[in-house]
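These notes are about the structure you will find just below.
The values are calculated or read from the model by the stated rules, or taken from the named source; none is laboratory data. Keep in mind the model is a prediction, meaning the values are calculated, not measured. With ideal geometry, Cβ positions are generated from the backbone for all residues, glycine too; neighbour counts draw on all protein chains shown.
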Amino acid sequence: MKLLAETQLVNVNRADFLKEQLLYFIGALFVIGAGLYGLLAYKPLAPYRLFFFSIVITLAVFTYLRAKGYYAIGIYPVYIAFGAVYIAAKVNAAWLRAVFVLIPVALFIPLFNVAFPNKTPEQIIANPEPYRKLGLLRWEDGKDHPLPQDFADMLAWRELAEKVDAAYASMPDRATTLVLCDNYGQAGAINYYSRKGVEAVTFNADYVNWFDLSKRYKHLIRVKDWRGREEEMKETGPLFATGYAADSITNRYAREWGTTVFVFRDARIDINGRIEKEIAEERW
């Protein structure tokens with residue numbers, strides 16, 4: 001949370017957080033509203049009334065802390081369930097039940113054009129206004145960009161995995177090669193799209209628990225984002241006999257543009273010992 005507060009959440013607009021709560025479940029708002037009302041007024045749901053106050057308090061805390069909109073997504077399914085119970089008990093007219101079914105279908109049509117990755121980057125850039133009006137071009141840095149952040153995140157996943165695969169295939173001994181990334185997004189993309197069986201790790205998030213230290217590592221493939229790539233050779237290069245930048249993300253629309261794949265061979269230090277120390281520091 002400290003890292004997020006310093007680098008991302010400081011740029012989150014509280015009004016945008018609340019607006020996004022409406023957008024994420026816009027097709028189910030009537031059901032969620034019925035669930036919240038039912039928790040207060042419907043006797044069979046009285047034992048669960050604490051859930052009404054739980055969502056109010058949770059959203060208030062998230063708003064105060066400038067949480068990202070999607071942090072709250074996991075809250076809502078239980079309220080859709082409460083709403084479904086209440087509607088099933090109180091709404092008997094077939095036509096009104098049909099309305100509840102048609103509402104999400106009707107709302108999906110306009111949302112489909114802006115909320116789903118069904119256009120090329122070029123198409124979005126040529127007609128950005130629908131995205132800008134909904135605030136979808138604003139990234140976590142608080143600035144507008146050519147593409148929505150989620151779309152830009154996705155663009156380099158396959159490219160990164162392919163370039164790491166190429167570097168991995170060039171290593172003299174894959175079994176003693178560690179693939180270390182800057183963040184869980186890079187590691188996840190590589191592990192999912194790799195065709196060489198690469199198992200990338202990072203000190204970021206719960207990947208810190210995924211290191212296999214039963215292997216004695218001699219070589220390193222380092223995935224470094226553009227902010228730190230200039231220093232990588234200076235900091236890591238002297239620890240190995242050879243080192244070079246093998247490739248980088250070239251898709252200019254990708255959020256990971258400039259992320260570089262470094263190759264380091266024949267370690268001059270105990271890599272495992274270094275990793276154990278960093279894991280301990282990260283967990284602490």
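Pairing each residue of the stretch 172-184 that is touching a residue at least 24 places away in the same chain (Cβ under 8 Å) and part of a helix (DSSP H, G or I) with any residue that is of a type outside the set (Phe, Trp, Tyr) and surrounded by 15 or more Cβ atoms within 10 Å (Cβ to Cβ), provided the two are 6+ apart or on different chains, yields C-beta distances under 7 Å for 176/218; 176/219. The single condition among (1) under 30 Å from residue 138 (Cα atoms); (2) not in a loop (DSSP other than H, G, I, E, B) that residue 266 does not satisfy is (1).
Put simply, of 98, 169 the only residue that is out of contact with any Ser or Thr (no Cβ under 6 Å at 6 or more places or on another chain), modelled with pLDDT under 95 and either surrounded by fewer than 12 Cβ atoms within 10 Å (Cβ to Cβ) or not assigned by TED's automatic domain parsing to the domain that holds residue 40 (or both) is 98. Taken over the stretch 115-158, residues that are more than 22 Å from residue 186 (Cβ to Cβ) and buried (at least 16 other Cβ atoms within 10 Å of the Cβ) amount to 10. State yes or no: is residue 68 closer than 30 Å to residue 152 by Cβ, touching a residue at least 12 places away in the same chain (Cβ under 8 Å) and either loosely packed, with under 14 Cβ neighbours inside 10 Å or of a type in the set (Lys, Arg) (or both)? It is true that residue 68 is closer than 30 Å to residue 152 by Cβ, touching a residue at least 12 places away in the same chain (Cβ under 8 Å) and either loosely packed, with under 14 Cβ neighbours inside 10 Å or of a type in the set (Lys, Arg) (or both). Examine the stretch 40-61 for a residue that is modelled with pLDDT under 90 and part of a helix (DSSP H, G or I), and state whether such a residue exists. No, the stretch 40-61 has no match at all. For the stretch 181-217, give me each residue that is hydroxyl-bearing (Ser, Thr, Tyr), over 21 Å from residue 155 (Cα atoms) and surrounded by 14 or more Cβ atoms within 10 Å (Cβ to Cβ). The answer is 207, 217. Across the stretch 124-152, the qualifying residues are those that are part of a loop (DSSP other than H, G, I, E, B) and among the hydrophobic types (A, V, I, L, M, F, W, C), and the one among them that is modelled with the lowest pLDDT is 134.
Within the stretch 16-35, at least one residue is modelled with pLDDT under 90 and in a loop (DSSP other than H, G, I, E, B).
The residues of the stretch 91-134 that are in contact with a helix residue (DSSP H, G or I) (Cβ under 8 Å, 6 or more places away or on another chain), free of Cβ contacts under 8 Å to residues at least 24 places away in the same chain and among the aromatic types (Phe, Trp, Tyr) amount to a single one, 131. In the stretch 225-284, of all residues being of a type in the set (Phe, Trp, Tyr) and out of contact with any Lys or Arg (no Cβ under 8 Å at 6 or more places or on another chain), the one that is nearest to residue 211 (Cα to Cα) corresponds to 284.
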